[in-house]
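One structure is given below, encoded as structure tokens.
Taken together, the values in this text are just the output of simple stated rules run on the coordinates, not laboratory data. Model, not experiment: these values are computed from the prediction. Ideal geometry is used to build each Cβ from the backbone, glycine not excepted, and the neighbour counts take in all protein chains shown.
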Amino acid sequence: MRKFIIPIIIAVVSTTACTEKFDFEFDENVERIVVDAVLTNFEGTKYNYVRLTKTQNKPTQATNQTQVIPVIKDAVIKISDNLGNSETLRYTETYENMRELGSYKIEHLRAVAGRTYTLEITWQGKTYKAVSRVKSVPQINRIGFRSKYLEAKKETVTIPLLYFNEPQNTKDYYLLHYTIDGFSGSNRNWGYSILNDVHLTAQVRGIEIDDGQSASGTDFYHNIPEGSEVKVYLESLTEEAYEFYRSIIKQFESDGGAFSQAPATPAGNISNGALGLFRCSSVSEKTVIRQ
Amino acid sequence: MKQKKILFIVIVWFASLFSGYGQEKLAQYSFQNKSIPFIIENIEKVYQCQFTYPSELLSKQKNKNINIKNKSLNEVLKLLFDGTDIKYSKKGSLIILSKKKEKQKFILSGKILEQESGETLIGATIYCQKYGIGTASNQFGFFSIELPEGKNELEISFIGHAQKKQTINLTKNLKLNFVLEQATEKFDEVVVTAQAANANVNNIKMSRTKVQIETIKSMPSFLGEVDVMKSLQMLPGVQSSGDATSNLNVRGGSFDQNLILLDDAPIYNPSHALGFFSVFNADAIKNVEVYKGGQPARYGERLSSVVDIRMKDGNLKKYEGNITLGTIASKLSFEGPIIKDKASFLITGRYSYAGFVADNFADIAYDIGLFRSDLANYKKGNKVNFYDLNLKLNYIIDDNNRLFFSAYSGRDNFYFKLINEKSSMDWGNLTSTLRWNKIINKRLFTNTTLVFSNFDYSYYIKDDIRDFEWSSNLQEVALKSDFDYYHNARNEMKFGLSVNYHRINPGEIAPRSDSSITKYSKLQDNYGIEAAVYISNSQKITDRFRVEYGLRLSSFFRFGEATMNQYASDNYSKVVGVKKYKSNEIHKSYTNLDPRLNMRYSINDRNSIKASYARTSQYLQLLSTSSIGLPTDVWYLADLYTKPQTANIFALGYFKNLRSNIYESSIELYYKNMQNQIDFIDNADLFLNSSIEQEIKSGKGWSYGAEFMIKKSQGKFKGWISYTWAKTQLKINGINKGNPYPTRYDKRNDLSLMLSYDLTKRLVVSSNFTYSTGGALTAPVGTFAFQGISPNYYTDRNGYRLPDYHRLDFSLILKPKEKRKWKGQWAFSIYNAYNRHNAFSIYTKAQDYNVSASDSHMIYMFGIVPSISYKLKF
């Protein structure tokens, strides 16, 4: 049997599985108009605006910088509701936050639950339309806190918990976000999470804000120092708005590679080939000071 | 007196002279399109003879062209009656005509075996040149051929074996086994036939390839692992889903549309290590046959192709074995008689340590400064292991009965950081087949098979909060009986029936630790039964024209305890209620009648035209979100919402052999349309989803193409070139705005070259080259600003073409000396010789520390990969 023992084999070098940066090349890139429009029951231009920009070609370039995003300033924009109220918007150069750049502010009209709003944008001879209905949102009863160990950050942080009564007779979708002393996150974090009522009971007690779906994983939370002011927002979403957010969140989860499903452009509600979403929401908010 | 005598002779001579003259005027010597009775009348006059025959004998005879001038009567009779069913005999000047008695026919049946091992040979041919009659042995080595009585010289041939010529004197039905000797150095090359010399032209089947295991073994192999599935990707019309993966896309079909059979047991996942290797250990394999279209009626269950793989039976004569030590896997195989010439066994095993090797060699390479830039992103700590075990037992009960048992077990552990750092997978197949061959009589052969197949996988998420195990499995139990009936020299029938039982556990999820937020949950099991009957006949219409026609009737019953959603409309979006089914209740049944047709018209020995049509149906499909297939993809049975897939495959081909059958060439054109093809809606949510029907849409697909192949399988220089032009599209309402779109594996051009050259009798060098258009992908075109981030927007579904794929491989095999008892074989190979970075996957993800911007990266699985393996035969 000793003869069975034979020379061991040597292999030389194997250069396996490596990655390199890849740039997609397209024959032509068609610029598309992008609408980011929000109308709520809250006061303030931060909660009521229409932002018009153009798509950018290089997906690898950072586009959240002022000099990069091409803004459309000369569009004619009108919002109206199903009761005949309407408002024509004007472009505002002033902004508090970078993400408001390119905004047309909605001064008077506010979202009222049950009403339907129509957005009409005319730019360079083309008209883009969107319609959105406002769904109601329950009041936040209470905000609690708990400690949570975040594996990725290797630290324990305090996170807010949400209490509210979920109407069981309606199909509801929610958008959740929070601020700590007015600060809503960093560039590592997209501070929105979405929630489908399918698993919610009538009494929602102490749900974590990211218990639905969010883009940021464990980076969703930041520590809440004692004495800081925490504002938690619960907004109503229509099914199409929920799907739009879900589609964006999906981009963070699924990378479009050989092992994942085909990605897709988030399907918004704007006509005529424009990208983006016109969202009308009811918002409920609760402010607490962390003791 | 004498004068009188002389005068008489002179008168007679004159008379005869004159009478001759007179008759010459009356009789004709040359006849154009004249009836036999007319010719006979003239012959009687010329040759002074008389014919006698029954009046009806000549009434149905064809008119003849004949010239009798300067010919003897015997010559004339031969000319006139040869090739007819008329027999003549002479009695003086009387010629008696009668009907020839038909030569009696007898049946020669038996098996064709290999001399050295006693293995039955599949597809070995028996040919009688004199009558142009031939047949081939079936999957169990059995043949039956009808031949005229008397001496028949037969040629028996099989790939890689010395052709045998044997004269058989048939006086009754005869049972006889033929043994063929393996071709070794002692044989002259001319004697060793690749196969029946003009099988390419003469065989009725098109879109079918028999790949010889020896050819597969001589091809350059990736990391020294001879791979059956990858060698099939070199054939026209067959493509791979991704670089270095063993999945097959046949004529625009997805990879779940291939019926992959190992000794009749279906293999649900033919991949090891996510497809970089296939589960088939070449040392255990005897024969591989692929059908891309024109599937015989015997095969059903899948839409696009059949890959029928047969394991070796085990040597009945002597013990033999081999050990292979390779770069990433080592193998052992051992076979021999349990009872000499009566029972035998074969056992093979393979174990791979690919992850360990990859980590260590990456380290070494980095340390010595090789490929540093490439290896900068390499992450260690990978676990990629797998094993295979094949077992075969066979027992010859008597001349007419034989039992086989085959089993396969294989399992994978996969954790490869570059692909996914947070999850690992386990998966494995287990199959077993019990088979009983019986020769019922000289014309009828039957094979009854009981098959069990199990596939299961587990998926572990190693994330801090979702720490869970997801597992799923499926089982199939099948019973089938196949009959081969050799009716006569013109008709060979096949018929049979089968019943398949399916049970699928689509998934259950369980937490792996207390800190996991995951709760245990399970999707309901799915049950189905598929039953089928088939019949087909291969009929020789004329010497040149042969038709094989068949029908397959299959029914599928989805049943079992279940709660199914009820929907308001066919788009399955609004649930209006649920319906509960009991365990023995049928939810839905489907029936399909699939006609099959193959035709061949031989223009001559060297040229033929073939056409085929097959309708196919498939009752279960793989819900795969990935382009290359993951073991974790879910098999899904047709149900209330998802109809079975069906396809119509048409093909037309021209086959030509050149230079005494040394070169074989073919052109095949095909068109395939497919119904009830499914795809996922945008952003489908599949995870533990009990209402999958809401996430998928179904529609139609079509594929067409042209396939070219030139092959040389004899001589020192062997190889083939194949080229395919093809186009595949799907059109599904609700996906890509209802517009047609290409599949991910739609590749317009595909070129494969495989060449090998015997430098000496022991040294073989080979090379292959493949080129194909890149696959299709849904790619990010750009970004748009939305609430503080910049999400991507994309092309249409699969609207972007990946870069072209091309690769060159080499191998050098040093064979052992024939006379040695211990035979060592070295194989050196270089995969991807010019270090092409072929895209395996392109992914786009958010940059670290910046959620607003994303980058795209390409993963290429392999750069240049040299390897060595050593095989010791004993």
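What shape does the protein assembly as shown have by the C-alpha gyration tensor, where a ≥ b ≥ c are the square roots of the eigenvalues, rounded means a/c under 1.5, and otherwise prolate means a/b greater than b/c and oblate the rest?
prolate
Count charges around B:R615 for me, please; just the other residues with Cβ under 12 Å from its Cβ, Lys/Arg as +1, Asp/Glu as -1.
After counting each charged neighbour, the total is +2.
Can you tell me how much longer the chain between B:Q115 and B:S573 gets when fully stretched, taken as 0.36 nm per residue apart minus their C-alpha distance, in nm with one decimal?
Here the segment from B:Q115 to B:S573 would lengthen by 158.4 nm.
Would you list B:L759, B:L235 from fewest to most Cβ contacts within 10 Å?
If I rank by nearby Cβ atoms, fewest first, I get B:L759, B:L235.
Where the centroid of each part is defined by its Cα atoms, how far is the range B:572-595 from the range B:400-417 in Å?
Using only Cα atoms, the two centres lie 33 Å from each other.
On a 0 to 90° scale, report how tilted helix B:354-367 is relative to the longest principal axis of chain B, with both axes built from alpha carbons and the result rounded to the nearest 10.
70 degrees
Got a sec? Charge dipole of chain B, +1 on Cβ for Lys and Arg, -1 for Asp and Glu; which of B:L403, B:L479, B:F810 is way out at the positive end?
After comparing all options, I get B:L403.
Which Cα, out of A:I209, A:V112, A:H177, lies furthest along the positive dipole direction of the range A:111-259 (beta carbon charges, K/R +1, D/E -1)?
Comparing the listed Cα positions along the dipole, A:V112 ranks first.
When the helix-only estimate is applied to chain B (DSSP H runs of n ≥ 4, each -39,500 (n - 2.57), divided by the residue count), what is the mean residue ellipticity at 222 nm, nearest 500 deg cm²/dmol?
Rounded to the nearest 500, the figure is -2500 deg cm²/dmol.
If contacts are Cα pairs under 8 angstrom and at least 6 residues apart, what is the relative contact order of chain B in percent?
About 9 percent, as a whole number.
I need A:W190, B:W436 ordered by Cβ neighbour count within 10 Å, fewest first.
The most exposed by this proxy come first: B:W436, A:W190.
Could you calculate the FRET efficiency of B:N673 with B:S589 from 1/(1 + (r/R0)^6), where r is the beta carbon distance between them and R0 is 22 Å, rounded to 0.05?
0.35
What is the list of residues in the range A:265-280 whose amide nitrogen lies under 11 Å from a point 7 angstrom out from the Cα of B:K737, following Cα to Cβ?
Counting backbone N atoms under 11 Å from the label point, the list is A:272-274.
Please give the charge dipole size of the protein assembly as shown, origin at the Cα centre, charges +1 on K and R Cβ atoms and -1 on D and E Cβ atoms. Round to the nearest 20 debye.
The calculation lands at about 7000 debye.
Based on Cβ point charges of +1 for Lys and Arg and -1 for Asp and Glu, what charge dipole magnitude is obtained for the range B:105-196 about its Cα centre, in debye rounded to the nearest 20?
500 debye
Between B:L444 and B:V533, what FRET efficiency follows from the Cβ-Cβ distance if R0 is 22 Å, with the result rounded to 0.05?
Computed FRET efficiency for B:L444 and B:V533 comes out at 0.80.
Count neighbours as other Cβ atoms within 10 Å of each site's Cβ, and list the trypsin sites (Lys or Arg not before Pro) in the range B:659-748 that are DSSP loop with at most 12 such neighbours.
Of the trypsin sites (Lys or Arg not before Pro), the ones in loops of the range B:659-748 whose Cβ has at most 12 other Cβ atoms within 10 Å are B:R659, B:K716.
Would you mind giving the mean number of other chain beta-carbons within 10 Å of the Cβ of each residue in B:327-336, as a whole number?
Mean partner shielding for this stretch: 1.
For the range B:669-738, which chymotrypsin sites (Phe, Trp or Tyr not before Pro) are both in a DSSP coil and crowded by at most 11 other Cβ atoms within 10 Å?
B:F687
Between B:L814 and B:T542, what FRET efficiency follows from the Cβ-Cβ distance if R0 is 45 Å, with the result rounded to 0.05?
Here the calculated transfer efficiency is 0.35.
Which trypsin sites (Lys or Arg not before Pro) from the range B:578-638 combine a DSSP loop assignment with at most 13 other Cβ atoms within 10 Å?
Qualifying residues, ordered by number: B:K582.
To the nearest 10 degrees, how steep is helix B:36-47 against the longest Cα principal axis of chain B, on a 0 to 90 scale?
40 degrees
For the pairs B:K672/B:K737; B:K340/B:K712; B:K331/B:K718; B:K480/B:K731; A:K21/A:K105, flag any whose C-alpha to C-alpha distance is greater than 32 Å.
B:K340/B:K712; B:K480/B:K731; A:K21/A:K105
Quick check: pseudo-label points 7 Å beyond the Cα along Cα→Cβ at B:R503 and A:V71, how many nm apart are they?
6.6 nm
Strictly over 32 Å apart at the Cα level, which of B:K69/B:K100; B:K312/B:K815; B:K317/B:K761; B:K103/B:K494; B:K438/B:K700 would you flag in this model?
Listed pairs above 32 Å: B:K438/B:K700.
Would you mind ranking B:F650, B:F178 by Cβ crowding within 10 Å, fewest neighbours first?
Placing the least packed residue first, the sequence is B:F650, B:F178.
Quick one: Cα centre-to-centre distance for the range A:239-291 and the range B:806-837, in angstrom?
54 Å
Using a 10 Å cut-off around each Cβ of peptide B:837-845, what is the average number of partner chain Cβ atoms that fall inside?
6
Cross-link list A:K73/A:K250; B:K217/B:K610; B:K130/B:K164; A:K129/A:K250; B:K230/B:K610: which exceed 24 angstrom alpha carbon to alpha carbon?
Beyond 24 Å: A:K73/A:K250; B:K217/B:K610; A:K129/A:K250; B:K230/B:K610.
Quote the charge dipole size of chain B about the Cα centre in Debye, to the nearest 20; the model charges only the Cβ of Lys and Arg (+1) and of Asp and Glu (-1).
Around 4740 debye, computed over chain B.
So for the pair B:L658, B:L553, with labels modelled 7 Å out along Cα→Cβ, what separation do we get in nm?
Rounded to a tenth, the inter-label distance reads 4.8 nm.
Can you work out the PRE-style zone for A:S271? Point 7 Å along Cα to Cβ, and I want the residues of the range A:78-92 with backbone N under 14 Å.
Within reach of a label on A:S271: A:78, A:80.
With the cut-off at 1.5 for a/c, could you classify the range B:208-873 from its C-alpha gyration tensor as rounded, prolate or oblate?
rounded
Please give every one of the aspartates and glutamates within straight-line cross-link reach of B:K582, meaning a C-alpha to C-alpha distance under 16 Å, and leave out same-chain neighbours fewer than 8 residues apart.
B:K582 reaches B:D525, B:E561, B:D639.
So, in Å, what gap is there between the alpha-carbon centers of the range B:231-289 and the range B:665-700?
20 Å
Arrange the peptides B:136-149, A:131-144 so that the one whose residues have, on average, the most other Cβ atoms within 10 Å appears first.
Per-residue mean Cβ counts within 10 Å order the peptides as B:136-149, A:131-144.
Between A:T127 and B:Y723, what is the label-point separation in nm under the 7 Å Cα-to-beta-carbon projection?
5.5 nm
Would you list which aspartates and glutamates come within 15 Å of B:K60, measuring only between C-alpha atoms, while excluding same-chain residues fewer than 8 positions from it?
Qualifying aspartates and glutamates at Cα under 15 Å: B:D85.
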